[in-house]
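Worksheet: one structure, shown below.
Just so you know, all these numbers are worked out from the coordinates, no wet-lab data involved. Small disclaimer: the values here were computed from a predicted structure and weren't measured.
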Amino acid sequence: MKSFSFLFLFLVFSFSIQAQCTSGDCKNGFGVYKWSDGDKYEGDWKDGKFNGNGKYYYSNGSTFTGVYKHGKKHGEGVFIKKNGDEYEGLWEHGKRVVKTNTIYKDWLPGKWEGKGYQDGGKTWKVVLNYINKDEIKISYPDFPCSGFWYFDKENDHQIFFKEKITKGQSNCRPGTRIIIEKAYKDQDGIMGVYFFQGSKQMASANIVKQ
């Protein structure tokens, strides 16, 4: 009986060493917690659960950086697999929310080109290549910079995107929100593009399908 008790205490003690809060406050605050299998979380805590902004390191090499609520992914985040595949979007109650744009899917695919307009009269070229809803490439050759658009939401006459610049970041504003809409209700080949930083519109463009 004594041997069994000793073994039990040894296992509990060993686990507590390998799975523990290694720094900060893992109850209510910012802390780093490591598990015995190699997983690690660093970020905000509330009542002993992930709550707020944090980053989770999986033992297989994948990571998730984003917002948590009550111990689960809940909000915007980026999941990067070990092989480099990246998934950026919205999570709710631990599950990724896959949004698909449906209103304009018939006329959006294809290459678009046009001119952007900024305060002060400055103009610049816009090149959009809408391959499908998961691959939307944007380029601004005059700056130069380029990147991708990610679908966010839609209403009955507009589609909202988030822009991520991946080349020439110092030449373009990061984190721009995009709104697009048909320039003419019954014409598919022309659309208006509106660029926002927060709630302020910074520029606009008219682009034509090629």
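Annotation: amide H of K125 within the under-5 Å range of G116, D142, sequence separation 5 or more or interchain, hydrogens built in the peptide plane. Rounded to whole numbers, the Karplus 3J(HN,Hα) couplings from phi for segment 28-40 are 9, x, 10, x, 10, 10, 10, 9, 5, 8, x, 5, 8 Hz, using 6.51 cos²θ - 1.76 cosθ + 1.60 with θ = phi - 60°, and x at Gly and Pro. If the limit is 28 Å between Cα atoms, which of K82/K200; K81/K182; K49/K82 go over it? Going by Cα-Cα distance, K82/K200; K81/K182 fall outside the 28 Å limit.
Over the alpha-carbon set of segment 11-97, divide Rg by the Kirkwood Rh and report the Rg/Rh ratio to two decimals. Rounded to two decimals, Rg/Rh equals 1.00. Annotation: aspartates and glutamates with alpha-carbon distance below 13 angstrom to K125 (same-chain offsets under eight excluded): E113, D142. 3J(HN,Hα) along segment 86-97, derived from phi through the Karplus expression 6.51 cos²θ - 1.76 cosθ + 1.60 where θ = phi - 60°, amounts to 10, 10, 10, x, 10, 10, 9, 6, x, 10, 6, 8 Hz, with x in place of Gly and Pro.
Would you work out if segment 110-209 is rounded, prolate or oblate? Take a ≥ b ≥ c from the square roots of the eigenvalues of the alpha-carbon gyration tensor; rounded if a/c is under 1.5, else prolate when a/b is larger than b/c, oblate otherwise. Could the numbers behind the result be given before it?
Details: a/c = 1.33, a/b = 1.24, b/c = 1.07.
Judged from the Cα gyration tensor, segment 110-209 comes out rounded (a/c under 1.5).
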